[in-house]
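Okay, so here's the structure we're looking at.
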Amino acid sequence: MSPRRRPRGPRTDRSVTPSGEQLPGEVRNAVSVSPLNSPLEVGVRALVLLAETFPRRLDVAQLVYLDHAMLHSGDLDGGPDSLHPDLPVGPGELGLRRRLIEQGLVVLMRAGLADMTATADGFLYGATDEAASFLDVLEAPYLGQLKERAEWLTSAYMHEGTDVRDGMKQITQDWTNRSRADVLNHGEDEIQ
């Protein structure tokens, strides 16, 4: 008598959405990566920002800056403690963050939590009416900390006429200054 095998459930194809649509290559590849800084996590962070700025719409550059500022708020004047530690990768982090934000936006749009509008200035993203309700049902303490920082950022830094490039330049300049100080301090340590 052969051992009885348990029937397996249907195989799941991670390259296809529940409705049967084929995922784009970059999203399909991201499905198998770590949940940290995954398109889903970054998408939720972007959704927190879009919901906080609703009905205002943001472009990818603004989301990249605000996402960085939300995680590293302790680096900003009067900001609450940072949620994430500083990383030595410096300006390269912003380039990687842009790609992750774009992937996160795809996740949000597929879920109907964000939408995109084409304007003369480029693509702008906004939260849909369902976004706030979706965020309200999530109970993770981390999400509450993100919401607090997003609220602080929008009240302190998101004014009409605010140029996100100025914020990006400040981040890059801070990294440059820290790198120079580290090099100078390292040289002094060798002399002593």
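Rule-based calculations on the coordinates, nothing more; no lab input. This structure is a prediction, so every number in the text was calculated from the model and none was measured. Every residue, glycine among them, receives a Cβ derived from its backbone with ideal geometry; neighbour counts consider all protein chains shown.
Once fully extended, how much extra length lies between ARG99 and TYR142, figured as 0.36 nm per residue of separation less the alpha-carbon to alpha-carbon distance?
Between ARG99 and TYR142, full extension yields an extra 13.2 nm.
Based on the Cβ-Cβ distance of SER133 and ARG110, what FRET efficiency does E = 1/(1 + (r/R0)^6) give at R0 = 22 Å, to the nearest 0.05?
Efficiency computed from Cβ-Cβ geometry: 0.80.
Show the residues, 5+ positions off or on another chain, whose built amide H is closer than 5 Å to the amide H of LEU83.
When sequence neighbours closer than 5 places are left aside, the close amide H contacts are HIS72, SER73, GLY74.
Quote the FRET efficiency, to the nearest 0.05, computed for VAL183 versus TYR157 with a Förster distance R0 of 45 Å and r equal to the Cβ-Cβ distance.
0.90
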